[in-house]
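Data first, discussion second: the structure below is written as structure tokens.
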Amino acid sequence: MIRTATSADLDAIVRLHTEARATYYRGHLPEEEYAGAEEVGRSRGGWAGAIDRDDATVLCAERDGVLAGIAAHSVRDGITHLTQLHVAPDRWREGIGTELHDACVADWQRDGVVEARLDVFVHNTRAQSFYAARGWIPDPVRPHAGDHLVLRLTVPAGTRGGA
């Protein structure tokens with residue numbers, strides 16, 4: 001089941017986010033940069049803010065009443081961004097990431113969005129493959145942002161604009 005997050009989900013979201021990030025940052029960044037107390041606190045603040053903001057959407061994927069995946073998207077400077085998409089590592093390859101991605105795309109179609117962007121860690125080849133399979137391509141204007149690749153998706157036609 002995919003549903004909108006509430007503040008009651010915050011602890012589970014932060015745990016899943018920290019666990020998922022460790023799978024691709026481990027060996028590339030010092031642990032305190034993705035799982036240290038300061039970073040987890042920053043993450044918690046970011047997720048709490050996203051849940052409460054009117055210009056952001058946070059989605060939860062549940063399996064058997066347990067949080068199995070999260071996704072977030074928002075508009076920054078007039079551009080729609082997929083800011084987060086994480087699946088609990090013990091739930092990989094169950095279709096949860098695809099369901100979350102599809103839910104984001106459906107939101108964008110409903111809102112009339114024609115293009116979205118995201119940043120993906122340069123060493124996270126698993127995520128890069130996931131996004132490429134769903135039509136994301138390197139952003140031709142700004143292909144890199146530090147140690148992240150910038151990808152762009154032309155949102156497929158669907159129910160754009162409420163049609």
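The values are calculated or read from the model by the stated rules, or taken from the named source; none is laboratory data. What you see is a predicted model, and the numbers here were worked out from it, not measured in a lab. Here Cβ is always computed from backbone atoms with ideal geometry, including for glycine, and neighbour counts include all displayed protein chains.
General remarks:
- Flag for ILE51 being in contact with a helix residue (DSSP H, G or I) (Cβ under 8 Å, 6 or more places away or on another chain) and either part of a helix (DSSP H, G or I) or modelled with pLDDT under 95 (or both): yes
- Residues that are outside any loop (DSSP other than H, G, I, E, B), of a type outside the set (Asp, Glu) and surrounded by fewer than 18 Cβ atoms within 10 Å (Cβ to Cβ), drawn from the range 92-102: THR98
- Close pairs (7 angstrom Cβ cut-off, 6 or more residues apart or separate chains): hydrophobic (A, V, I, L, M, F, W, C) and modelled with pLDDT of 95 or more in the range 78-107, in a loop (DSSP other than H, G, I, E, B) and buried (at least 18 other Cβ atoms within 10 Å of the Cβ) anywhere: VAL105/VAL155
- Against the numbered list (1) crowded, with 17+ Cβ neighbours inside 10 Å; (2) touching a Ser or Thr at 6+ places or on another chain (Cβ under 9 Å); (3) at pLDDT below 95; (4) over 24 Å from ARG134 (Cβ atoms), LEU29 comes up short only at (2).
- Pick from the range 57-73, criterion surrounded by fewer than 17 Cβ atoms within 10 Å (Cβ to Cβ) and of a type outside the set (Lys, Arg), ranking: nearest to HIS86 (Cα to Cα): GLU62
- Candidates VAL114, VAL141, VAL150, VAL155, filtered to the one that is over 14 Å from the mean Cα position of the chain (by Cα) and buried (at least 16 other Cβ atoms within 10 Å of the Cβ): VAL155
- Scan the range 115-153 for residues that are in contact (Cβ under 8 Å) with a residue 60 or more places away in the chain, closer than 14 Å to HIS86 by Cα and not in a strand (DSSP E or B) and the total you get is 3.
- VAL14 vs. criteria touching a residue at least 40 places away in the same chain (Cβ under 8 Å) and either of a type in the set (Lys, Arg) or buried (at least 18 other Cβ atoms within 10 Å of the Cβ) (or both): no
- Qualifying residue in the range 37-53 (condition: of a type in the set (Lys, Arg) and surrounded by 15 or more Cβ atoms within 10 Å (Cβ to Cβ)): yes
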